[in-house]
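Structure, as structure tokens:
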Amino acid sequence: MGDSLQLSCLALENSVGILQGTLDRLKQQGTHSTRLRNTLLEPKRVFELVSEYDLQRARLDLIEDVEPVVDKLCSKLEKSLNKLERERSTLQQTYELNQLRLNNKFSTASRRFGGSKRFPVVMGTTTKEELDRLRQLKSRKQALARELEELQAQEDS
């Protein structure tokens, strides 16, 4: 390990020497250009190596600052999604209920010529159980209407 460290130091010293020679040559050949001298030969920036600890600490600070905000936004989005899903479900149920009412109104009106006046369809919120119950009652009503027609047909004959 000591040998590889020594070789690395020697390679780094050789690189620094070569760079110093390059800078000296550029200074000799670039005296006539002040722009070249100001921009290339006189560096104004200082670069430092950052320790791994500082880098990890900066990452943790970023996570501590950003993660709570992201969690808060995610929870808000989840609540909004749930609310929209409930609203969509309610609208779907209202649509189905009104469709059943509308179909019922037209089927009743087609059986009767004068028909009785019915109240307009009012939109409201219903549950899935209410819609299922309404469907069952409608199918039962249709079955009873068929039985009544059959009985009336039998009495007429």
Checklist entry - Pick from Glu129, Glu150: which is modelled with pLDDT of 85 or more and part of a helix (DSSP H, G or I)? => result Glu150
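Results for (1) modelled with pLDDT of 85 or more; (2) open to solvent by 100 Å² or more (accessible area, probe 1.4 Å); (3) touching an Asp or Glu at 6+ places or on another chain (Cβ under 7 Å), shown as yes or no for each residue.
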| residue | (1), (2), (3) |
| --- | --- |
| Ser4 | no, no, no |
| Leu36 | no, no, no |
| Leu40 | no, yes, no |
| Tyr53 | yes, yes, no |
| Leu60 | yes, no, no |
| Lys79 | yes, yes, no |
Next on the checklist: Of the conditions (1) part of a helix (DSSP H, G or I); (2) modelled with pLDDT under 90, Pro120 satisfies every one except a single condition; which number is it?
Outcome noted: (1)
Checklist entry - Within the stretch 18-27, is there a residue that is out of contact with any strand residue (DSSP E or B) (no Cβ under 8 Å at 6 or more places or on another chain), at pLDDT below 80 and not small (Gly, Ala, Ser)? => result yes
Checklist entry - In the stretch 15-32, how many are open to solvent by less than 100 Å² (accessible area, probe 1.4 Å) and in a helix (DSSP H, G or I)? => result 9
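The values are calculated or read from the model by the stated rules, or taken from the named source; none is laboratory data. Nothing here was measured: the structure is a model prediction, and the numbers come from that model. Cβ: placed from backbone, ideal geometry, glycine included. Neighbour counts: every protein chain shown. In case anyone asks, the SASA skips ligands and DNA or RNA and just uses the protein heavy atoms, side chains included. Shrake-Rupley method; radii C 1.70, N 1.55, O 1.52, S 1.80 Å.
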